[in-house]
Every structure is written in structure tokens, then in C-alpha cells.
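The values are calculated or read from the model by the stated rules, or taken from the named source; none is laboratory data. The model shown is predicted, which means the values in this text are computed figures rather than measured ones. Don't worry about glycine lacking a Cβ; one is built from the backbone with ideal geometry, like all the others, and counts go over all protein chains shown. Accessible surface is based on the protein model in full, side chains and every heavy atom, while ligands, DNA and RNA are left aside. Shrake-Rupley method; radii C 1.70, N 1.55, O 1.52, S 1.80 Å.
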Amino acid sequence: QVQVVESGGGLVQPGGSLRLSCTASGISSSFYVVSWYRQTPGMQRVWVAQMTSAGKTTYADDVKGRFTFSKNITQTTVYLQATNLRPEDTADYYCNIKVPGYSYWGQGTQVTVSQ
């Protein structure tokens, strides 16, 4: 059974940092794309960043230079380091993993940037 679990969200002051984690289990494909999306109440889910299994990363313009992907040695967990956070980064953050023929979502982790 495939599971995608996010963690690492929380309350942080403007200018602060958080490391969001996305841990997958039950996925065996060597080819995948891990993406982060975020969503605020009443709005559509918006793409934030992605990393391919080849290690190529792409970021939305409003997070470029502030958010960075990395992954652990076993490649079961992907991290999104979010720095210099702004109030407009406040949202629920969701991890999505795409493998050939399938797309999996986690349950989300909440990020609040506020004084």
C-alpha cells in the first residue's frame, strides 16, 4: 500500500525557516517526480516546486532562491527547505509523487508565517 506523509510544518515568524518532509512508502519505481503544492482556504492548489528522480529541480518564481529540495541517502524522504519565509507563504503544503501511471498525495502539513 502506498503512503505519502508530509511533516515539518508549523508556526514561524517572517524571515524564519522550516524544513518540510515528504516520506513515501510502497513506491518502487525508479522514475518519479516529487512536487510540492500549497493551498489557502477557498483557493486552488498551487504548484510550488518539483524534483525528478534524476535530481532536476524546478521552482515557482515566488519561492525561487528561498526554497530548496534535498533528499536523504535512502531516497525515501524528500525535504523542502523553506527559508526567508513570508506571510504570503502561509498555506497547507501538500506533497505529490508521480510515477508512470499513478499520482499519490499526502494529507498536507500546515505552514503559518506570522509575528
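Under a Gaussian network description of the chain, with springs only between Cα atoms under 10 Å, the residue in A91, A54, A24 that fluctuates furthest is A54.
With the simple spin-label model, which puts each label point 7 Å out from Cα in the Cβ direction, the Q81 to V5 separation comes to 2.4 nm. A viscosity of 1.306 mPa s and a temperature of 10 °C, combined with the Kirkwood radius over C-alpha pairs in the Stokes-Einstein formula, give the chain a diffusion coefficient of 112 µm²/s. The heavy atoms of E88 present about 120 square angstrom of accessible area, all protein chains included, probe 1.4 Å.
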